[in-house]
Amino acid sequence: EAGVVQSPRYKIIEKKQPVAFWCNPISGHNTLYWYLQNLGQGPELLIRYENEEAVDDSQLPKDRFSAERLKGVDSTLKIQPAELGDSAVYLCASSLDRRTGELFFGEGSRLTVL
Amino acid sequence: SQQGEEDPQALSIQEGENATMNCSYKTSINNLQWYRQNSGRGLVHLILIRSNEREKHSGRLRVTLDTSKKSSSLLITASRAADTASYFCATDAPEYGNKLVFGAGTILRVKS
């Protein structure tokens, strides 16, 4: 069974440029998460989807970040415009449903903003 | 400070020794989970322990939970060089909207 797939693995951009990350969760997993991980820190939740619905986006900086999960499967996370402080690893995770507890993570997308 | 805090921040041991990492949290929880992250990789789930459980085992891993002290420990027995990684505890708590909140992690280095 394929795991959570993320792309790109690495992205280097200049500040004020846009960037987008893509995530394909494990087949059948209804819940999808985007986390932000700064160096030396644990992941912090940005947004959680139950199927197509964003049920928790309280930590998503909505002035520059946006996300979507069309048809309740793949998801994209976009930053526009990127700032220096956005340099981090963006992790996608999925779970069968929220009550299951266990999260399956992708390898992450490492963003460097110059 | 965070809901979950690991202690120590870093731990260096010799192969074959046991490694113990601790996690403290602030509020009542539904469950507590431990994850491992190898350098440059995603997180991998290790164990989930529910609030009504006190101890769980999985291979060389042993997790304990003390809800009266709001703390958990992860014990790795007979450590191997491949256990070198960062270990995170994460709590699922009603006060935090029933979402997983991760601590800052413990960096474990196992020397061969």
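Matching residues to (1) at pLDDT below 95; (2) of a type in the set (A, V, I, L, M):
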residue: A:50; (1), (2): yes, no
residue: A:57; (1), (2): yes, no
residue: A:66; (1), (2): no, no
residue: A:71; (1), (2): yes, no
residue: A:77; (1), (2): no, yes
residue: A:81; (1), (2): no, no
residue: A:85; (1), (2): no, no
residue: A:89; (1), (2): no, yes
residue: A:94; (1), (2): no, no
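Given the residues A:47, A:26, A:13, which is the only one that is surrounded by 17 or more Cβ atoms within 10 Å (Cβ to Cβ) and more than 27 Å from residue B:35 (Cα to Cα)? Give the steps one after another, and end with the answer.
Working: A:47 fails: more than 27 Å from residue B:35 (Cα to Cα); A:26 fails: more than 27 Å from residue B:35 (Cα to Cα).
Only one candidate qualifies: A:13.
Would you check which residues across the stretch A:12-23 are out of contact with any Phe, Trp or Tyr (no Cβ under 8 Å at 6 or more places or on another chain) and at negative phi and list them?
Going residue by residue through the stretch A:12-23, those that are out of contact with any Phe, Trp or Tyr (no Cβ under 8 Å at 6 or more places or on another chain) are A:12-20, A:22.
Selection gives A:12, A:13, A:14, A:15, A:17, A:18, A:19, A:20, A:22.
Step by step: first the residues of the stretch A:92-105, then only those that are among the hydroxyl-bearing types (Ser, Thr, Tyr) and crowded, with 16+ Cβ neighbours inside 10 Å, then the one that is farthest from residue A:14 (Cα to Cα). Which residue is that?
Going through the qualifying residues, I end up with A:95.
Return the residue satisfying two criteria in turn: it lies in the stretch B:1-22 and is of a type in the set (Ser, Thr, Tyr) and modelled with pLDDT of 95 or more, and of such residues it is nearest to the chain's Cα centre (by Cα).
B:20
Taking the conditions exactly as written (in contact (Cβ under 8 Å) with a residue 60 or more places away in the chain and out of contact with any strand residue (DSSP E or B) (no Cβ under 8 Å at 6 or more places or on another chain)), does residue B:16 satisfy them or not?
Yes; evaluated as a whole, the condition is true for this residue.
Name every residue in the stretch B:74-102 that is surrounded by 17 or more Cβ atoms within 10 Å (Cβ to Cβ), part of a loop (DSSP other than H, G, I, E, B) and either of a type outside the set (S, T, N, Q) or modelled with pLDDT under 95 (or both), in order of residue number.
B:93, B:99 - these are the residues of the stretch B:74-102 that are surrounded by 17 or more Cβ atoms within 10 Å (Cβ to Cβ), part of a loop (DSSP other than H, G, I, E, B) and either of a type outside the set (S, T, N, Q) or modelled with pLDDT under 95 (or both).
Take the residues in the stretch B:21-62 that are touching an Asp or Glu at 6+ places or on another chain (Cβ under 7 Å) and among the aliphatic types (A, V, I, L, M), then tell me which one is farthest from residue B:109 (Cα to Cα).
Going through the qualifying residues, I end up with B:29.
Residues A:89, A:73, A:113: which one is within 19 Å of residue A:11 (Cα to Cα) and either more than 11 Å from every other protein chain (Cβ to nearest Cβ) or surrounded by fewer than 14 Cβ atoms within 10 Å (Cβ to Cβ) (or both)?
A:113
The values are calculated or read from the model by the stated rules, or taken from the named source; none is laboratory data. Keep in mind it's a predicted model, so treat the numbers as computed, not measured. Positions of Cβ are generated from backbone atoms using ideal geometry, with glycine treated the same way; all protein chains shown enter the neighbour counts.
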